[in-house]
Structure formats: C-alpha cells, structure tokens
Amino acid sequence: MPKVIGKDTGATSHAAEFETRLGEAGELHQIAPENGDEGAVLTNQQGVPVADDQNTLRVGARGPALLEDFHFREKIFHFDHERIPERVVHARGYGVHGTFTLKESLAEFTRAKILTEVGETTPMFVRFSTVIGNKGSFDLARDVRGFAVKFYTKEGNWDIVGNNIPVFFIQDAIKFPDMVHAAKPAPDREFPQAQTAHDNFWDFITLTPESMHMIMWTMSDRAIPRSYRFMEGFGVHTFRLIDANGKGTYVKFHFKPRLGLQSVLWNEALKINGADPDFHRRDLWDAIDLGAPPIWDLGVQLFDDDFADQFEFDVLDATKIIPEEQIPVRIIGEFVLDGLVDNFFAETEQVAFCTQNVVPGVGFTNDPLLQGRNFSYLDTQLKRLGGPNFTHIPINAPRCPVHNFQQDGHMNMRNPKGRVNYEPNSWGGPRESPTTGYRHFEAAENGRKVQERPGTFSDHYSQARQFFISQTAIEQKHIGDALVFELSKCERIDIRERMVAHLRNIDERLALVVATGLGLPTLPAPAPAASPPLTTLPPSDALSIVKRAPGSFAGRKLGILVSDGAPAALVEALVEAVKSLPAVYEIITPKTAGAVLDDGTVAQAKQKIDGGPSVLYDAVVLALSPEGAAMLAKDKTAKDFVSDAFAHCKFIGYTSAAELLLTKAGIAPEDFDEGMIALEGPQDVPAFLAQCGQLRFWTREMAIDLDAAVFLENAGLD
Ligand code: HDD
C-alpha cells in the first residue's frame, strides 16, 4: 500500500476550538426536519404518506391526468412558488453564523448591554454580498461588498448594515433609486450584468460629484477582494451611543479582519469569474468547514460635538470618513464567524436586515442617508418576505422575550393566547418600561422645512485626493488602470472627458494618466468645484491595503502543481509547513487520479490542471520531474497556469526541472525575479513560505505591464 498525501488540505488547527461555538444559532436547526434519514417516510405537506412519487394519477397508463391527484397538484403548486423576489440591491450574498464577545466596556458612553457586559457573548448572523449583480451573478465583480451584521442581543436585535467601504456614493437617500438604476443593467437591453463599466453608470457618477470619494474606493483594489475573510467592514454613518442619562456620543463602527486585507488583480478577477463564479462563497464555506473560521475585531471611533464642530467636514455626510489618525479606532471586542447555515434559503435568503433595528443605548444621527435607509429597509422586507410577520421567521426572530399586542397578518406564527390585545387595559401586561425601554436621543431640533443640501456637504474632492495619495504606487496604478478600463467601455466621449475633468480636482497626475490611457487629445478643464479642493489633508496609511500587509501566509491557499516523479520529500515538506501556519493547499496534477512521486508516494489531486488554474491560489509551486516538465511544457493549460501566476505577481516556487515549463510559458531565465524561488529540497520550504507572506511580488508588475510605462512617464507616481 503506497503512502498517500493530499487527502486533507490543511488548516485544521482551530477545528476543536470552534466546533462547539454554534450556540443559540443551533436552535434554528431543530425547527426544520432533517432530510437524509434512513427510514423516514415521504409525506405531503399535510403529513399524509406518499405511495408513488414517480407517476401522476392517470386513466390508464397512457391516458389523461386526473385533477384528483392532490399530491401532484400540491407538489407542483409549491414548486411554482419557491422563489421570492431577490433583493433589489445586494441580491447575491452569503451568510454565516457567529459569536461576538465584548472585551472592553463602553459603559461610560452607552447603556447597551452588548457593549457594556465584558465577557458576554452574543450570537450573530452576517451576510456578505455584492451590490449590483443579480442573485446568480459571479463573485468577483468590481463592486462594493455588503457586510451586514445582525446581533441577537438580550435587549433585542441590533443590525449594522454596513459595507467594506466606509463611504457612500450619495449624500441623500432620495438619490438611491437613481444611483442603483444607473449602475444596474440598462432597462432596454438588460446588460451589462454585475458591472459598472458602462455609459449609464459613469453618466450618473460624473453628474454627481459627491460620488468622487467613493469612486476612488471602488476603482481601488478594495472592490475586488480576495476573500470575504480579508475585508474590513464599516457601519459607514455616524451613529450615536446614548448613556443612562440620555447623553449622546457620536460613534462610527469598524470591523477589522485578523487575517489582514487582501485583494486580487483585475485580470485575475476576470479569470476567477470564469473558473469559479462562487469563489468567495466557496472560500468562506471551506474556511469554516476546515475549522479555520475568520475573526474580526470590532472597533469604534468615538467623538463629541467639539470634535464634530472643528472637523474639516460634516460628520453627518456619508461621503466622508474620519481618518484613523485623527480619531483612532478603539477595539472593544471580537467576532468569530464559525457557523455554516443548514439551509441557504431559510437563513441567508430570508434574513432581513434593517438599519432601524437598534437596541437601548444605540441611536441615530441626522445623516440624511441613514434617515432614508431607516424607512427603506422595513419597507423592502414586506415585498420580499410577503407580510408584516417576517420577524417570526427563525433567522429574523429575536433570541429574547417578545411581547406586544400586534396580531394577525400573513403567516402569523405567534398570536398570543388570552383576551387582551390592546393597551392600556385592565387585564394585564405586557406593560411599557420607562427604565429599560428604548429611549430616543433627545436632540434639540429647530428649523425651517426645506429641501436643501447643507453647505458643509459641498466639498467633494478633498477626501478623494486624500485616499489617492495614501496609496502605494502599485495601488495608485491600479486605480488608474481601473478608471481607464471602466471609462474605455463608455461609448460617449463626453462622459469620459467629464470624469477626467473631475480627476483634475483630485490629482493632476491621475487625471493625466487616465487621459493618456483613454487617448484624449487634450486635458479637459477641471470640473467646477462647489468648494475649492483642499490639498493639505495628509496621507492616511490606514487607507492602503499594501501598507498594512499581514506579513503572513496564514489563511491563504498554496497551489502545488505536481507531476509523476516529482520529489516526494519536497511535496511533503510543503504540505506540512502550510498546514502549520495554518493555511491550505491544493495538489494539482495533469491527470485526475493524482501523481506518483519519486519514492512511490501517491499525491492525491484536488484538481486536474484544467480545473485548477493558478488564479485560484495565492502562491504556487511547480513540483515537477524532468519528464513531467517536458510533458507539461507542451500543454497550453499548464503554460497558462504558469504565465498567469507570473503576471499576477504571485510567488512561484519551482524545482530545477520546472524551468523548462517556465521558459516555454514565456518566462525566460533573464526574467526570473526575486518572487521566483528555486526549491532544491525541504530545506528551502521555510524561506519560500516566509516570502509568500508578502502575498504578492508587486515589483514585477511595474516591470512587465505596458500600462506601468504610461504611469512612470506621465505621472511619476510615488
Ligand atoms: Fe442598502 C440592502 C448596505 C444605502 C436600501 N444595503 C443592503 C444590504 C447592505 C446594504 C449590506 C444587504 C443586506 C443583506 O445582506 O440582506 N446600503 C448599505 C450601505 C448604505 C446603503 C452601507 C450606505 C451607507 N440602502 C442604502 C440606501 C437605501 C438602501 C440609501 C435606500 C434609501 N439596501 C436598501 C434596500 C435593501 C438594501 C433596498 C435591499 C434588500 C434589503 O434592503 O433588505 O432596502
């Protein structure tokens, strides 16, 4: 019996620790019957056993069907009504369960128990999503990612319906339908799907200068994340914490991934969408399934009216951030997402997040976007879930007592017993509680009824510029590349020019690079600015992904291309080292069965090479024998594997025999760089994996990408 490697793919070290963490989320699962039980009898919805589920009731074997066949009619009736309307935005998403643990009390600022009882754990559900694609679209669209969080607290459900970008396109909710219509497929042709590279989107954007800051973020690598696990989350708006005396403190919520931030390249995203349209959901499922659930720190930026008054921008304007250098993010707790859903529809599809779901001690501000959202989310649930009782669906039901006199309605699961259904009454409770009940912040308001944007909302460029200058050169280049790509898909030249006119208010070098990339004959004049752009805001390192690289390959995935006769000692050492990080690996072989290594060990394949392109991995190793390399050097797929890994700036480990494949893939020996590491044997593995911790060898892109020359010549980007 030969030795076998490649059966498990790594990342098991956390499994035991998190196995039992499902907590109360487990309750959900008992409501549904468990299918797959041997011996269970098939019944209809009334519980009547079914004798024949293969043939309809007919008059004679070849005769007409009978209406009397109630099993058939019920089955088809139910099937015909299986779908509910997909979300009008954020239709494609993926939800998981988790637990929040408070580490530091905010008792000084709020009475919310979830934020004051240190050590308490609170069950939660998180749904990640893209925004504009429909439910069946691909995961790697260039798009904002939703990061919606529901905490099932002891004092009721609290939702933070956030994104992976801390600002928004618009300042007032009244523009939301226009923004979404412009981004979604055009109403006549119903394309393009899940992308913003088209005239309608850029037409709206260039006529809406308040979107410029958000555009810098969506054109950056933040909009093509490598995984949900490597994304930050933001509550976006300024909310308010309220203490027992009714005193308010402004707060912004942040979620920071322990595994650090990471994104893919645009060319890689395009290819991932073809190779695995479910890349992000599979990644999250696999990580939790393998026992390596992702963890985020929950942080807050707290500030008072004095800060708000002296801050350069209006804290009610959702197109602005407060740089972390100005108000540091205070970490107060952590959440781990370790629970897979039992049923996608019951949980992920039916979960209803609402910004207005807050608990005592948490409140709103007058941010006009937030105020509009507080109407919209409740309204949309009626359409999607069909009635006012969507809070009775287990995933939406609070995990604390619920008592009120609301009654009836579609699909009611909870009509209380007894005579009383009004209050005040002289029969008995429930009664209001002035002490524990929710109290709104008593803001002093006074003003004329107007439809007017405040002057303090008028600076649309300064923070866009601050974001851009906070990026490393490679990230700046990617922003330029993305703008050129997207605008090159606009057929109307005036739209392209209008965007470049805005860019001139953000960064002249970026405007020049984009104009050059688009082949504009002249630079258009800068767009008129309602407020003169500030050039004094300093760079903020917190805004860059690359500057905050985790320096570790933990949580990432190594692709090991293995041929027959490859050195077993090397492959085994790689597998063990990856598992200990913990990270995961996949063995890719020319044939489905796997490969027989030089000592007879069988390396079991997770992927045949055709199904395992290098875009699915964070780094790759070419563990080839001379015969294997000679065979693969003739294979287009193998050459693509190598040339893509090279073009996508991945670290590449290779045996000496694999040099032939590299050369045939177009990477001549003189092109070999420091991101390519010769692996003579197991002794070279630790250094290789340490280098993989840099995640990408960015220097290579500047050397091999044609557009890099445009940047270096025109922009002298720093
Ligand atoms: Fe929204 C869904 C995030 C502005 C109206 N939104 C939705 C989801 C997320 C966000 C993450 C998906 C929730 C889930 O997974 O079920 N939305 C945001 C953020 C915004 C924002 C961070 C700005 C800061 N949204 C916004 C505005 C409006 C809406 C201004 C309307 C006035 N959003 C909706 C909605 C959705 C929604 C139509 C669709 C499905 C749903 O609510 O449940 O009501």
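The values are calculated or read from the model by the stated rules, or taken from the named source; none is laboratory data. In this text, all values refer to a predicted model and were calculated from it rather than measured experimentally. When we count neighbours, we look across all protein chains shown, and the Cβ atoms used for this are built from the backbone with ideal geometry, even at glycine. Just the protein is used for accessible areas: all its heavy atoms, side chains included, with ligands, DNA and RNA removed. Shrake-Rupley method; radii C 1.70, N 1.55, O 1.52, S 1.80 Å.
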Exercise for the section: Report whether or not Ala182 is closer than 20 Å to Ser488 by Cα, surrounded by fewer than 24 Cβ atoms within 10 Å (Cβ to Cβ), at pLDDT 95 or above and not aromatic (Phe, Trp, Tyr). Expected result: yes
Handout entry: Candidate set: the range 67-85, residues that are open to solvent by 70 Å² or more (accessible area, probe 1.4 Å) and part of a loop (DSSP other than H, G, I, E, B); chosen: the one nearest to the ligand (Cβ to nearest atom)
Key = Arg83
Problem - the range 288-332 - residue that is polar (S, T, N, Q) and open to solvent by 20 Å² or more (accessible area, probe 1.4 Å) and, of those, nearest to the ligand (Cβ to nearest atom) - result: Gln326
Handout entry: Leading residue by the ranking (most open to solvent (accessible area, probe 1.4 Å)) among those in the range 150-179 that are over 22 Å from Leu543 (Cβ atoms) and among the β-branched types (Val, Ile, Thr)
Key = Ile174
Problem - Evaluation of Val336 against (1) within 16 Å of the ligand (Cβ to nearest atom); (2) buried (at least 21 other Cβ atoms within 10 Å of the Cβ) (one fails), failing number - result: (1)
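Which residue out of Pro416, Pro388, Pro398, Pro454 is open to solvent by less than 90 Å² (accessible area, probe 1.4 Å) and at pLDDT below 95?
Pro416
Yes or no, residue by residue, for (1) in contact (Cβ under 8 Å) with a residue 12 or more places away in the chain; (2) under 30 Å from Gly10 (Cα atoms); (3) open to solvent by 10 Å² or more (accessible area, probe 1.4 Å):
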residue: Cys490; (1), (2), (3): yes, no, no
residue: Met499; (1), (2), (3): yes, no, no
residue: Asp507; (1), (2), (3): yes, no, no
residue: Val513; (1), (2), (3): yes, no, no
residue: Gly517; (1), (2), (3): yes, no, yes
residue: Pro524; (1), (2), (3): yes, no, yes
residue: Leu534; (1), (2), (3): yes, no, yes
residue: Ile545; (1), (2), (3): yes, yes, yes
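Let's see how each residue does on (1) among the basic types (Lys, Arg); (2) in a helix (DSSP H, G or I); (3) closer than 30 Å to Asp314 by Cα:
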site: Thr355; (1), (2), (3): no, no, yes
site: Gly372; (1), (2), (3): no, yes, yes
site: Val402; (1), (2), (3): no, no, no
site: Gly409; (1), (2), (3): no, no, no
site: Arg439; (1), (2), (3): yes, no, yes
Problem - Selection count where residues are buried (at least 22 other Cβ atoms within 10 Å of the Cβ), out of contact with any strand residue (DSSP E or B) (no Cβ under 6 Å at 6 or more places or on another chain) and closer than 26 Å to Glu432 by Cβ, scope the range 359-369 - result: 1
Practice task
Could you check how many residues of the range 605-632 are open to solvent by 10 Å² or more (accessible area, probe 1.4 Å) and either basic (Lys, Arg) or in contact with a Lys or Arg (Cβ under 6 Å, 6 or more places away or on another chain) (or both)?
Solution key: 2
Fill in the blank from the handout: Per the list (1) within 30 Å of Lys477 (Cα to Cα); (2) in contact with a helix residue (DSSP H, G or I) (Cβ under 7 Å, 6 or more places away or on another chain), residue check on Glu674 breaks on (2)
Fill in the blank from the handout: The helices (runs of 4 or more DSSP H) lying wholly within the range 458-555 that contain at least 1 residues that are among the small types (Gly, Ala, Ser) and over 21 Å from Ile165 (Cα atoms) are 473-488, 493-506, 508-518
Handout entry: Positions within the range 659-677 being modelled with pLDDT of 95 or more and within 36 Å of the chain's Cα centre (by Cα), in sequence order
Key = Leu661, Leu662, Ala665, Gly666, Ile667, Phe672, Asp673, Glu674, Gly675, Met676, Ile677
Handout entry: Pair list, Cβ < 6 Å and 6+ apart or interchain, from the range 327-356 residues that are within 14 Å of Val126 (Cβ to Cβ) to residues that are more than 16 Å from the ligand (Cβ to nearest atom) and aromatic (Phe, Trp, Tyr)
Key = Phe335/Phe100; Asp338/Phe18
